[in-house]
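Participant: Can you keep this structure in mind? I'll have questions shortly.
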Amino acid sequence: DMRQFYQTCTALISPTKIAGGTKYKILESFASGLPIITTAEGIYGLAVRHKEHVLTVDNTFDYVQAVRW
C-alpha cells in the first residue's frame with residue numbers, strides 16, 4: 001500500500017523519456033492529490049493538460065524551475 005508514502009511527499013517528479021508502460025505512479029499521485037512534474041512522454045495517453053493537471057517539462061533547467069516553484 002503506497003498511500004502512506006504519497007502522504008509524506010510534496011510532489012511526484014517523473015522524468016520519463018519513453019512513452020510506454022503503465023502510468024501507475026502518476027495515476028496514484030493524482031488519486032493522492034500530489035502535484036505532478038513530468039515530461040510529455042510521462043503523461044502520454046492520459047487525458048491531462050499542462051498547467052491544468054500537471055507540469056510538463058522536457059529539460060533539466062525546466063525541471064529545476066518547476067521543483068523550485
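Participant: Carbon and sulfur atoms: what percent of the 1.4 Å accessible area of the chain do they account for? Write down the numbers at each step before the final one.
Facilitator: Details: 2900 of 5100 Å².
Using a 1.4 Å probe with all protein chains present, the chain comes out at 57 percent carbon and sulfur.
Participant: OK, next. Counting only heavy atoms of the protein chains, get the accessible area per residue of the chain (1.4 Å probe) and round it to a whole Å² value.
Facilitator: Value returned for the chain: 74 Å² of accessible area per residue.
Participant: Where is the GNM fluctuation largest for the chain (alpha-carbon springs, 10 angstrom cutoff): THR56, THR38, THR22?
Facilitator: THR22
Participant: Now a separate question. At 0.36 nm per residue, and after removing the present C-alpha to C-alpha distance, how many nm does the segment from HIS50 to LYS17 gain when stretched out fully? Don't skip to the answer; put the middle values down first.
Facilitator: On the way: separation 33, 0.36 × 33 = 11.88 nm, distance 1.65 nm.
Contour length minus Cα-Cα distance gives 10.2 nm.
Participant: Using a cut-off of under 15 Å, list every residue of the range 48-69 whose amide N is near the label point 7 Å from the Cα of GLU41 along the Cα-to-beta-carbon line.
Facilitator: 57-60
Participant: Using a cut-off of 15 Å between beta-carbons, work out the net charge of the residues near SER32 (Lys and Arg +1, Asp and Glu -1, SER32 not included). Show your work: numbers first, answer last.
Facilitator: Details: positive: ARG3, LYS23, LYS25; negative: ASP1, GLU28.
Result for the local shell: +1.
Participant: Right, next: Over the chain, calculate the relative contact order: mean separation of alpha carbon pairs under 8 Å at least 6 apart, over the residue count, as a percent.
Facilitator: Values: 78 pairs, mean separation 20.4, N = 69.
Over the chain, the number comes to 30 percent.
Participant: From largest to smallest, what semi-axes in whole angstrom does the chain give when each is the square root of 5 times an eigenvalue of its alpha carbon gyration tensor? Write out the running numbers ahead of the final one.
Facilitator: Values: eigenvalues 64, 46, 22 Å².
Semi-axes from the Cα gyration tensor: 18, 15, 11 Å.
Participant: To continue, here is another question. Under the Karplus relation 6.51 cos²θ - 1.76 cosθ + 1.60, θ = phi - 60°, what is the ordered set of whole-Hz ³J(HN,Hα) values for the range 59-68, x standing for Gly and Pro?
Facilitator: Using θ = phi - 60°, the values come out as 8, 4, 4, 5, 4, 4, 5, 5, 5, 5 Hz.
Participant: A follow-up question, please. For THR39, which sequence-distant residues (separation of 5 or more, or a different chain) have an amide H within less than 5 Å of its own amide H, given hydrogens modelled in the peptide plane?
Facilitator: Those lying under 5 Å, H to H, from THR39 are THR16, VAL57.
The values are calculated or read from the model by the stated rules, or taken from the named source; none is laboratory data. What you are looking at is a predicted structure, and each value in this text was computed from that prediction instead of being measured. All Cβ positions, glycine included, derive from the backbone under ideal geometry; neighbour counts span all protein chains shown. For the accessible areas, the whole protein counts, side chains as well, though only heavy atoms, and no ligand, DNA or RNA atoms are used. Shrake-Rupley method; radii C 1.70, N 1.55, O 1.52, S 1.80 Å.
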